[in-house]
1. So, of the residues in segment B:109-125 that are within 7 Å of chain A (Cβ to nearest Cβ) and part of a helix (DSSP H, G or I), which turns out to be farthest from the chain's Cα centre (by Cα)?
2. For segment B:355-384, name all the residues that are open to solvent by 20 Å² or more (accessible area, probe 1.4 Å), facing chain A (nearest Cβ under 10 Å), touching a residue at least 40 places away in the same chain (Cβ under 8 Å) and not in a strand (DSSP E or B).
3. Inspect segment A:365-376 for any residue being assigned to a helix (DSSP H, G or I) and surrounded by fewer than 20 Cβ atoms within 10 Å (Cβ to Cβ) and give the result as yes or no.
4. I'd like to know if segment B:328-346 contains one or more residues that are in contact with a Leu (Cβ under 6 Å, 6 or more places away or on another chain), open to solvent by less than 40 Å² (accessible area, probe 1.4 Å), outside the structural domain of B:Tyr113 (by TED's automatic domain parsing) and more than 29 Å from B:Ser109 (Cα to Cα).
5. It is to be established whether one or more residues within segment A:390-412 are without any contact (Cβ under 8 Å) to a residue 12 or more places away in the chain and assigned to a loop (DSSP other than H, G, I, E, B).
6. Give me the residue from segment A:195-215 that is of a type outside the set (Val, Ile, Thr) and without any contact (Cβ under 8 Å) to a residue 24 or more places away in the chain and, out of that set, nearest to A:Pro88 (Cα to Cα).
7. Looking at segment A:401-410, which of the residues that are in contact with a helix residue (DSSP H, G or I) (Cβ under 6 Å, 6 or more places away or on another chain) and within 14 Å of chain B (Cβ to nearest Cβ) is modelled with the highest pLDDT?
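The values are calculated or read from the model by the stated rules, or taken from the named source; none is laboratory data. All values reported here derive from a predicted model rather than from experimental measurement. Neighbour counts are summed over all protein chains in view; Cβ atoms, including those assigned to glycine, are modelled from backbone coordinates with ideal geometry. The area values use the complete protein model at the heavy-atom level, side chains included, leaving out ligands, DNA and RNA. Shrake-Rupley method; radii C 1.70, N 1.55, O 1.52, S 1.80 Å.
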Amino acid sequence: MRLRVKAGTDLPEPVAAHRHPLAALTRLHTRQLFTYRSDAAPGSWQSVAPVPDLATAIPSIYNAGLGARGTSYVIHLRRDARWDTGRPVTAHDVVRGLKRLCGPFHTSTALPYFLSTIRGMADYRDGHPASLRTAADLAEHANTHDIAGVLALDEHTLVVELEHPAPDIIDILALPCAAPVPVEYEAFLPDSPEVRAALRSTGPYRPVGIADGVLRFEPNPAWSPAADPVRGRHAEVITATPDETAADVDLTAEGEARAPLHGVQYLTLNTGGPLGEHTARLAIADTLDRIADTVIPPGNDGHHRVTATARGALPAPLSLTLAHRDTDAPCAARVTAGLAAVGMTIHSRPMTHEQHQRAMTGDRAGWDLLLTTWFPDWAHDNARVFLLPLLLGDPEGTALAHAALAVQDDPARSVPALIAVQQHALTAATVIPLRYCRPPAPPGVPVLAALGGLPDLAPAAAPLPSPRLESAVSPTSPAPVTGTVNEVHR
Amino acid sequence: MEAGLRARSWDEIRSLFALDPDSVHLNTGTVGAMPHEVLDVVDRVTREWTGGLLDVYPPGLYPEHRATIAKAYGVDQDEMVISHNATEGMARVIHGLDLRAGDEVVTTSHECYSVLSNLNLLRHRHGVVVTTITLPVGHDVRAEDILARFEAAITPRTKVLAFAGITLFTGTMLPIRALCELAHRHGLTTVIDGALMAGMLDCDFRALGADFISCSGSKFQCGPLGTGLLYVRNKVHPEHNPLPLPTFWPIISTWYPMQGTPPPRTTTSVESCNIGDFLQSAGSASIARGAALARACELWDEIGRDRIERRVFELAEHARALLTERFGTAAMYSPGADERLRSPLIAFHPLRDPADAWNVKKIAEFVSRLESEHRIWTRWTEFDVEGSPHQHYAARLCTHLFNDHTEIDRAVEVMGRLAERMS
């Protein structure tokens, strides 16, 4: 199978896969604790409901995987999932992956989801000494420090404890960046060229290298369809290159949107420069011709219309740098034209994925306005997906977002808190929503609707059973710890 | 034999039950063992009512059975319902209360999940505020500690106290009467999950002072699976509960009036309607199921509910003493120092390392090996502990009238040895 891909052939380590142009390829060789099915009807609940992947079941009250307080999850791993080296995938690999996600050498745009939910993960991230330089340093730190709320009880059992009840934690753990990490990666810095050249596989394929600008996947000999309820393997060899002229699947083609939820195209305003002036930010928000007026787009959890009545005026003619990815160039041109019309000078700065990813995770250098297109990573209880990334440069807004997410499970408190955080964001004008949009998907390819419409290149060989039957209440699902029946049905 | 059950030895009474002679059943908190006679009633009545052209609806209201059972619990037939289980009873009560947005319910995180689930549904459906307190655990807990937590959680918007008479996770007997009196002082409705009370306690439901008590029929009462008892206060006896009857909607009902409304709820000791009939009438019912539960209750009356309660608690104290001696008071999640809080359900941490208390695999393995290697049936429970970030897990045993000292001695001895090996 020949694929035409959007950019490059440098397959990221899964820890860096979030929003990467080649993220769709990650699913060929990487499994997570949980994932989504691609064989469900677009827009159906099955298409956005997490299903077990490396885990045996979705933890719930019914299988003793979740306690009444809603902050302790017990996750059992399949015993038949293996790395391409033949070694079993273990709970320790999952712990290693979560620690690697916190490392100082690469910051995922998805990291705030984890830091705001898993107990002790922020402390673990903050505990890395500035003196760390090498992969060995990082491994030494990981092997001598723990995330307080992540416990591997044994090779096949993991406990994940949360700061607050978070109904979206299963979706968070379904992100490809939460994939387990093999011990071999300890020899490499996260997402370094060295590790990209030595990627290991748990999925149906394994990357075997790049030759003549073509990335090649071959079957993973240790993968078995019996051990993977979600994926299939329908081609012997898969190749991928942006230069493919006779592609079986063209991932650069933009067909109809099949993910059910709206995302948002927005500007982040860098308050460290000329836009530290509140009135200037308000003036930009007033000036731009835009359709979107909420931080969280319609259809997503926490979408509320709020009123931001403050008006601003430009204190003086401004010269600003607008950073954006190539894919957002048309929107960047509209923004530039709109601001130029009121006398601003706008310098357009196209960014690579890596540059944009660094800007989104705290690098404030070299831009005043950052244009981003953001799609939800999951479908239900997903206010976190917008609030944390969009407000990253706004400490007060981020604090309000954390406060709202901490009461996410309590509707009486969460609704006003969600309104408050969005009211703040729009009044402070640290973020300006421009328009709502849905991710266009390549024609003819199944998509993972819950992962922002990510194409699925390894569709399931056979229809999955209902996620509910499989995950929640089936007495026949593997449950090695249940020595006795829970007293939930009386 | 029945006529003389009160005078029979416990060995003889044990022979009434369909127990596996090679097993030690210390898990009545999950499901009891049916007497042979109750099993026979299930079979006989099912056959009697199968394939005939009899009118199946009147007997499905169980009027006589409800009267007999009600009497055993100190209440009247119109206040007693034979339900499918404690969960169904709790759900019908929770959703039948006249709660509105902003009204508050105080409950605990140690309730059965089915209770918390229904309360959460109320929260989402009507905007009811659910205030959840975490009960204290351990040997030294006192009733006053529990009362103080409930009292601190009550606000001017509180409308309901909802709590388990005996918690399934740690076997804590809540101070039921004192909590009901607390509710009376604040004008609150009391909803008790009594899943573990029926068949264990010789109690007068009316004297407890609650508005609703939902019980299991298949745990300590040893009726068939799929049976329960629901007490709904339907008259005012000021000496027990001086509050007016709460507004209550008997959801799922065939006989709730199709035109007009039922009479106003009484303000005296004479009922104004048969609220039990409204609740009991819910389409076709298993006549055998009700008959079998009634027979189990009759057997309890014949043995003597006071005698059963003494026996159950005497065995429990025997087990508690052995467990405390073997594992230490620090290992006990169940109360011990305050006699008022003790129940025949005893939860404890069997392993030496305290950190194993949040290792579900080890606790589950402990219980599983008791069963598979020694045919001792217990269970493990999970619950939160105030001040701990972890979900705790405990081994739990229950004593009932069909247990004896010898098997408890053996079970605790086996538990001690197994714990040593696993530690």
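1. Per the stated criteria, the residue is B:His124.
2. Passing the criteria: B:Lys362, B:Glu365, B:Arg369.
3. No, there is no match, as no residue in segment A:365-376 is assigned to a helix (DSSP H, G or I) and surrounded by fewer than 20 Cβ atoms within 10 Å (Cβ to Cβ).
4. no
5. Yes, the conditions are met somewhere in segment A:390-412.
6. So, considering only residues that are of a type outside the set (Val, Ile, Thr) and without any contact (Cβ under 8 Å) to a residue 24 or more places away in the chain, the one nearest to A:Pro88 (Cα to Cα) is A:Ala198.
7. Only one residue fits best here, namely A:Val407.
Listed here are the residues, each with its yes/no results for (1) within 14 Å of chain B (Cβ to nearest Cβ); (2) in a strand (DSSP E or B).
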| site | (1), (2) |
| --- | --- |
| A:Leu153 | yes, yes |
| A:Val159 | yes, yes |
| A:His164 | yes, no |
| A:Ile172 | no, no |
| A:Cys177 | no, no |
| A:Pro190 | no, no |
